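The values are calculated or read from the model by the stated rules, or taken from the named source; none is laboratory data. Note that this is a predicted model, so its numbers are computed, not measured. So basically every Cβ, Gly included, is an ideal-geometry build from the backbone, and we count neighbours across all protein chains shown.
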Amino acid sequence: MIKQVAHICIGALDLDQSRHFYCDILGLEKGFDFVKQGEIIGFYVKTGANTFIEIFHQAESPSSTNPIIRHLCLEVDDLDGFIADVRAKGWAVTDKKKGGDESWQAWLTDPSGVAVEVMQYTAASSQFTGNPCQVDW
């Protein structure tokens, strides 16, 4: 039985910019580095409850044969507060909207172009009710 997401692996065109985004802008804690022949080639970011984002340097721009990922999703308890905090740090984030799954969501993009969805569940969220998610995209 699957308990939770262990990690999501993404590429980063610039590791320093990605560390700044995930640690300084989003406020996540770096778990550890990946080191190859004395050089840091990636790192883990803690996202809670033993879940992580695994980030490795990617030298080539993303393409259909060399994707980064489509997006990753992070859960928060206070989406309004999160949006205010990110904007206060000078990073762009969308206004919140309710998705087809009845969860609140906002979107931002990391320095390598990865779309990041930030979600706040509601009592009616499909993740809790099992109701189908109706989409219009």
Residue check: is V93 at pLDDT 90 or above and touching a His at 6+ places or on another chain (Cβ under 7 Å)? no
The lone condition N66 fails out of (1) more than 20 Å from G90 (Cβ to Cβ); (2) not in a loop (DSSP other than H, G, I, E, B) is (2)
Among A88, A92, A84, A115, the single one that is surrounded by fewer than 13 Cβ atoms within 10 Å (Cβ to Cβ) and closer than 26 Å to G11 by Cα is A92
By residue number, the members of region 81-137 that are touching a residue at least 60 places away in the same chain (Cβ under 8 Å) and more than 25 Å from Q58 (Cα to Cα) are V86, K89
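Check S126, S103 and return the single one that is surrounded by 13 or more Cβ atoms within 10 Å (Cβ to Cβ), small (G, A, S) and farther than 15 Å from L74 by Cβ.
S126
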Name every residue in region 45-62 that is over 20 Å from Q4 (Cβ atoms) and either of a type in the set (D, E, K, R) or assigned to a strand (DSSP E or B) (or both), in order of residue number. F56, H57, E60
Residues of region 51-66 that turn out to be within 24 Å of A106 (Cα to Cα) and under 16 Å from the mean Cα position of the chain (by Cα), as a count: 5
Looking for whichever is surrounded by 13 or more Cβ atoms within 10 Å (Cβ to Cβ), of a type outside the set (S, T, Y) and without any contact (Cβ under 8 Å) to a residue 40 or more places away in the chain here; the options are F32, F43. Which one fits? F43
Go over the candidates G113, G42, G81 one by one and state the one that is in a helix (DSSP H, G or I) and either under 26 Å from Q4 (Cβ atoms) or at pLDDT below 90 (or both). G81
